[in-house]
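Reading through the structure tokens given below for one structure.
The values are calculated or read from the model by the stated rules, or taken from the named source; none is laboratory data. Everything numeric here is computed off the predicted structure, so don't read it as measured data. Cβ coordinates were reconstructed from backbone atoms using ideal geometry, including for glycine residues, and neighbour counts include every protein chain displayed.
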Amino acid sequence: MSEKPTSTGWLERASTVNGIVYTLWALCALLITAEFVYHKHPYFGFDGWFGFYALAGFGAYCVIVFSAKGLRRLIARDEAYYGEDDDG
């Protein structure tokens, strides 16, 4: 019996993934470049600093990810929690 070759979707191809990553890097570079020419109107003093919103967004992302990992440890159940065994 011969196995059929599995076809990969367009999002699973390495060239597509690399293209998405390079596009995101280019977008980030464009946004950082815009910081030099865009006149900001800060409400507080610190929100006028260079790259403040990028750092604040990254910090919020880290808080969300690490708190989700901690919450998973807190509420995770055993694999056999619902009464299912591996024996079938």
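A quick yes/no check of all residues on (1) of a type in the set (A, V, I, L, M); (2) touching a His at 6+ places or on another chain (Cβ under 9 Å); (3) at pLDDT below 90; (4) on the phi < 0 side of the Ramachandran plot:
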{"site": "GLU3", "(1), (2), (3), (4)": "no, no, yes, yes"}
{"site": "THR6", "(1), (2), (3), (4)": "no, no, yes, yes"}
{"site": "LEU11", "(1), (2), (3), (4)": "yes, no, yes, yes"}
{"site": "ILE20", "(1), (2), (3), (4)": "yes, no, no, yes"}
{"site": "HIS39", "(1), (2), (3), (4)": "no, no, yes, yes"}
{"site": "TYR43", "(1), (2), (3), (4)": "no, no, no, yes"}
{"site": "ALA54", "(1), (2), (3), (4)": "yes, no, yes, yes"}
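Could you list, in sequence order, all residues of the stretch 6-58 that are among the polar types (S, T, N, Q) and outside any helix (DSSP H, G or I)? Residues satisfying the conditions are THR6, SER7, THR8.
A Cβ distance below 8 Å, combined with a sequence gap of six or more or placement on separate chains, defines the contacts here; from the stretch 68-88, residues that are assigned to a loop (DSSP other than H, G, I, E, B) reach no residue that is surrounded by 10 or more Cβ atoms within 10 Å (Cβ to Cβ) and at pLDDT below 85.
Filtered by the rule that a residue be loosely packed, with under 10 Cβ neighbours inside 10 Å and aliphatic (A, V, I, L, M), the stretch 18-38 gives LEU30, ALA34, VAL37.
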